[in-house]
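Take a look at the structure below.
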Amino acid sequence: MKKAEKIYEGKGKILYATDDPDLLIQYFKDDTTCFNAAKRGVIEKKGIMNNKISAKIFEYLETMGVSTHYVQLVNEREMLIRKAEMLPLEIVVRNRAAGSLCRNLGVPEGLALECSILEYCLKNDRLNDPLVNNDHIRALKIASEKDMEAIKELALLINHLLTKFFLRLNVELIDFKLEFGQCKGKLLLADEISPDTCRLWEVGTGARLDKDRFRQDLGHIEEAYQEVLSRVSR
């Protein structure tokens with residue numbers, strides 16, 4: 001597989017074309033941002049760890065019947081992915097209260113929710129990724145009703161699968177972000193699943209094993225990411 005020109009660069013990843021028009025190479029950077037890039041930094045070897053963690057999780061989800069854009073690892077920092085037309089939405093699944101849910105609604109961090117919450121955010125950094133509901137999505141033609149029905153079903157399924165997956169590793173999945181794309185008429189889970197996109201708390205200790213260590217200046221960031229990689233690689 002030949003790597004060609006760069007076609008997109010985001011805050012955490014770069015996409016490259018290949019000699020196959022249906023496949024791309026996704027490169028994971030060490031650059032780190034939060035609060036819509038208001039805070040920036042570098043986490044050493046984060047790209048390597050997130051690439052490997054995402055690959056393990058995508059492989060697991062594929063075995064459980066969830067279609068993803070993942071094809072295979074290329075090297076430590078790159079994976080081969082299917083080219084997909086991304087929906088401009090971020091889907092956040094919440095199992096406990098944390099982050100913006102606490103800030104916006106005044107609920108205590110760690111509150112166990114009566115049911116999992118699905119939030120939809122318009123993927124637009126200039127607008128700070130605003131929350132939208134199904135009426136916004138339908139009225140503004142952001143995504144079709146068919147896609148939204150499928151996304152809700154898939155998000156809840158992925159939450160069920162990953163909650164069990166992480167609990168086996170003595171980790172609780174607090175919340176996480178998903179992105180989806182269309183590939184030849186099929187909806188695929190895309191982007192990444194890693195400590196950058198999940199809140200992961202160690203069962204028993206409550207130790208944060210995710211990007212909150214960077215957001216909240218908790219230190220030992222690289223060690224937390226490495227711990228997640230070690231556990232998913234068992």
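List of remarks:
- FRET efficiency for the K11 to K152 pair, using the beta carbon distance and R₀ = 41 Å, is estimated at 0.95.
- Couplings 3J(HN,Hα) for segment 107-117, derived from phi with the Karplus relation 6.51 cos²θ - 1.76 cosθ + 1.60 (θ = phi - 60°), are 9, x, 4, x, 4, 6, 8, 4, 8, 5, 9 Hz, where x marks Gly and Pro.
- Normalised by 2.2 N^0.38 Å, with N the number of residues, the alpha-carbon radius of gyration of segment 85-220 equals 1.08.
- Around the amide H of V171, modelled in the peptide plane, lie the amide H atoms of V203, all under 5 Å away and 5 or more residues distant in sequence or on another chain.
- Among 179-191, 31-43, the order from most to least packed when residues are scored by Cβ within 10 Å on average: 179-191, 31-43
- Using the average count of surrounding beta-carbon atoms within 10 Å as a protection proxy, the listed peptides 76-83, 9-16, 142-149 rank, highest first, as 76-83, 9-16, 142-149.
- Cut-off under 5 Å, modelled amide H: who pairs with A207 long-range: E202
- Measuring nothing but alpha carbons in segment 1-100 and taking Rh as the Kirkwood radius, the Rg to Rh ratio lands at 0.98.
- Across the chain, the convex hull enclosing all Cα atoms gives 133 Å³ per residue.
- Built amide H within the under 5 Å cut-off of A98, gap 5+: G110
- A simple charge model with +1 on the Cβ of Lys and Arg, -1 on the Cβ of Asp and Glu and nothing else charged puts the dipole of the chain at about 120 debye relative to its Cα centre.
- Ordering of 196-203, 220-227 by packing [mean C-beta count within 10 Å, highest first]: 196-203, 220-227
None of the figures in this text is laboratory data; all of them are computed from the coordinates on show. Remember, predicted model here, so these are calculated numbers, not experimental data. Backbone-built Cβ (ideal geometry, glycine too); neighbour counts: all protein chains shown.
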